Structures are given as structure tokens and as C-alpha cells.
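Below is one structure, written out as C-alpha cells, with a few remarks after it.
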Amino acid sequence: MLDALEIAAEPNRRRLLHLLARSEQSVGELAAHFTVSRSAVSQHLLLLEQAGLVAARKEGRNRYYRLNPVGMGTLRDLVEQFWTDELDLLASDSAALARQRHGPPQHHRTQPDTSHQDKGPSNELR
């Protein structure tokens, strides 16, 4: 199985996925949005289909593509897992860097709050 995350990361294929999110479209309709040849668009669509991200159907001489909900769900899970892992690594690296710079976390003793006590002579009536 092809790596769906890697396949979808290429800018032309990512654009195709965005266009197909609107509706099913023929290769010709999709190719109209690109400066590359219709053949190049077909090759991108074939890779997306092999990765399970799109599905195709043939009607007469035309081939129509649509998003594959199962494949897109898998891609969403991969992206979420990627960012979860990356953010965990970032937090871990950040904590290690902070320890390197400042040493282990220090616990400070807190002083009782005495701001409410009068510091001057008593104002009580005698």
C-alpha cells in the first residue's frame, strides 16, 4: 500500500483532493484547473486512487473521480497522529532544553501573605 500522507502532500495532488471535495468530476474538468497536461493530471489521479484516497468510475469515454471516504478518514487519522507525535516531541525537546538552560525545576518556598497587616501604629480607638 502506498503512503497516503506522502501521496497527498504533493501540491498538485493536494489541489485535486480539494477540488474533489466539492463534487465528483471528470478528468477533463479537473485538468482545466491546472497548467500541467491532462495526462499529468491523470497520473496524479491514478496515484491518489492507488493510495485509496479517490475512487473512479467510467461512464462512456469519461472517467469520473470522487473522494473515497474510507481513504480520506485514514488520511485524517494519519495527519492527527503525525501532529500528536510531533507535538509530543516538541514538548519533550522544549522541556529538555529548559532543563539544560536552567537546571532542574526548583521549588520556591512561599512566604505567608502579610500585606493585609498594618505596618504602622494601631488605628484602633481606645
Taking the range 67-89 only, how many residues are loosely packed, with under 15 Cβ neighbours inside 10 Å, touching a residue at least 12 places away in the same chain (Cβ under 8 Å) and more than 16 Å from the chain's Cα centre (by Cα)?
-> 1
Here are some conditions: (1) exposed (fewer than 10 other Cβ atoms within 10 Å of the Cβ); (2) modelled with pLDDT of 90 or more. ASP113 meets all but one. Which one does it not meet?
-> (2)
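Suppose we filter the range 1-28 for residues that are of a type in the set (Val, Ile, Thr) and within 17 Å of MET72 (Cβ to Cβ); how many remain? Lay out the reasoning, then the answer.
First pass over the range 1-28, keeping only residues of a type in the set (Val, Ile, Thr): 7, 27.
From what's left, within 17 Å of MET72 (Cβ to Cβ): 7.
Adding up the residues that qualify gives 1.
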Those residues of the range 1-28 which are surrounded by 14 or more Cβ atoms within 10 Å (Cβ to Cβ) and hydrophobic (A, V, I, L, M, F, W, C) amount to ALA4, LEU5, ILE7, ALA8, LEU16, LEU17, LEU19, LEU20, VAL27
Would you call ALA31 more than 21 Å from MET72 (Cβ to Cβ), in contact with a helix residue (DSSP H, G or I) (Cβ under 9 Å, 6 or more places away or on another chain), surrounded by 14 or more Cβ atoms within 10 Å (Cβ to Cβ) and modelled with pLDDT of 95 or more?
-> yes
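Restricting to the range 1-19, name every residue that is touching a residue at least 12 places away in the same chain (Cβ under 8 Å) and among the small types (Gly, Ala, Ser). Break it down into steps so the answer makes sense when it comes.
The initial filter retains those residues of the range 1-19 that are touching a residue at least 12 places away in the same chain (Cβ under 8 Å), namely 1-5, 7-8, 10, 12-13, 15-17, 19.
Matches in the range 1-19: ALA4, ALA8.
Listed residues LEU87, LEU47, LEU67, LEU97; which is modelled with pLDDT of 80 or more, farther than 28 Å from LEU19 by Cβ and not hydroxyl-bearing (Ser, Thr, Tyr)? Write out each step before concluding.
On the way: LEU87 fails: modelled with pLDDT of 80 or more; LEU47 fails: farther than 28 Å from LEU19 by Cβ; LEU67 fails: farther than 28 Å from LEU19 by Cβ.
Within the list LEU87, LEU47, LEU67, LEU97, the selection yields LEU97.
The values are calculated or read from the model by the stated rules, or taken from the named source; none is laboratory data. Treat the numbers as computed from the prediction; the structure is a model and nothing was measured. Ideal geometry is used to build each Cβ from the backbone, glycine not excepted, and the neighbour counts take in all protein chains shown.
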